1. Which angle between 0 and 90 degrees, to the nearest 10, do you get for helix 237-247 versus the longest principal axis of the chain when only C-alpha atoms count?
2. Please report, to one decimal in angstroms, the Kirkwood hydrodynamic radius of segment 86-166 built from all distinct Cα-Cα pairs.
3. Starting from the Cα of K223, draw a straight line to each of the lysines and keep only those under 26 Å, dropping any in the same chain fewer than 8 residues away.
4. Rank T184, L84, M237 by how far each Cα sits towards the positive end of the charge dipole of the chain (+1 on Lys, Arg Cβ; -1 on Asp, Glu Cβ) and give me just the farthest.
5. What lysines could a cross-link reach from K5, if we take a straight Cα to Cα line under 16 Å and drop same-chain neighbours fewer than 8 places away?
6. So how far, in whole Å, is the C-alpha centre of segment 41-59 from the one of segment 242-294?
7. Mind checking the per residue accessible area of the chain for me, 1.4 Å probe, whole number of Å²?
8. What does the charge dipole of the chain about its Cα centre add up to, to the nearest 20 debye, if the Cβ of each Lys and Arg holds +1 and the Cβ of each Asp and Glu holds -1?
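The values are calculated or read from the model by the stated rules, or taken from the named source; none is laboratory data. Being a predicted model, the structure only gives us computed values, none of them experimental. Here the Cβ positions follow ideal geometry from the backbone for every residue, glycine too, while neighbour counts run over all protein chains shown. Only protein heavy atoms, including side chains, enter the accessible area calculation; ligands, DNA and RNA are left aside. Shrake-Rupley method; radii C 1.70, N 1.55, O 1.52, S 1.80 Å.
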Amino acid sequence: MQKGKSLAKFLQETASADLSRMLLSIAEGTKALSHAVRNIGVLNLSGSTGETNVQGETVQKLDDFSNNIIMDLCRSSGVCAGFLSEENEGLATLSEAGTYIVSVDPLDGSGNIDIAAPVGTIFSIVERISPHGPVSAEDFLQPGEKVVAAGYAIYGSSTILVFSTGSGVHMFSLNSDDNQYYKTHTNVTIPSNGKIYSLNQGNLSKFEPVAQQFVAWCTAHDKATSRPYSLRYIGAMVADMHRTFLKGGVFLYPAAKGETKGKLRLLYECIPMAYLTEQAGGRAINGSRRILEIQPTELHERCAIIIGCRDLVARYLEFAAAGVDA
Ligand code: AFP
């Protein structure tokens, strides 16, 4: 691999000492998870723990392992005040004198583990509102506009850490020789348009009518706009979004008919991806509103999402504004 700047050096030059520390701790966690994902069989980490998480989903051994690793590293950073994870029902105070509040999906796409398909970690970071001491729910329930850094790691055919601290989106690849991250893409921009749409099309009849109209538009023939577009769906948001950042297109998990919320979680899936997408020049909405403007009201709140190339998200909004019969 041709080595770019190391992550530590890059952060030294672009972020405060405390934020660097926070991000480097999460990055260390992703290295451990990358190793675990690649050695799942020999580490006896496949299969489920037999428990169910707060979302009602079966907890995989690797989910549990990932949660513990990321939480321990956030704690040892000394700057992480509060921690919320998809795997924990409540929030945790890690360091009463810390500044940062971290919301994380430690292992996104865990259904992909047993088939050796990509999985990842997604996180977002805000500053605490409460004074020093134990953290409170309001520290976590901040809109995406308050995010100071967000990112994800994808454990795919290679391991890549992607993040933004508010000045562009940067990608760092994990070098297996020295187990260090090196910059491979800087200031990533999502193309303004694209020829890929990504959703669980098997659920189409359950989704809001606008989503059905949008998919019908994506699959219609039109030479001028190069339609029909291609459908790609990996079933791990991290992987579907990683492709969207690099190749363009749109990823959707719309609301079901008659509902306003979707399946994905606002604090540790939708907000971090929306933040990165806007940093990369794209757009992210819940069907009608910009995701980063939504005021969260619950820790594990769900949210509909339509995210990716500006022009495609704008097209979805046009259909929504025109109104469709259910
Ligand atoms: P987990 O983090 O629980 O593994 O969830 C995966 C996920 O939230 C997201 O990464 C996928 O895009 C989505 O679920 C897939 O959902 P469907 O199976 O309903 O298509």
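1. Helix 237-247 sits roughly 70 degrees off the main axis of the chain.
2. 14.1 Å is the Kirkwood radius here.
3. Here the lysines satisfying the reach criterion relative to K223 are K195, K247.
4. T184
5. K183
6. Taking the Cα centre of segment 242-294 as reference, the centre of segment 41-59 is 27 Å away.
7. Heavy-atom SASA per residue in the chain reads 41 Å².
8. So the magnitude is around 1220 debye.
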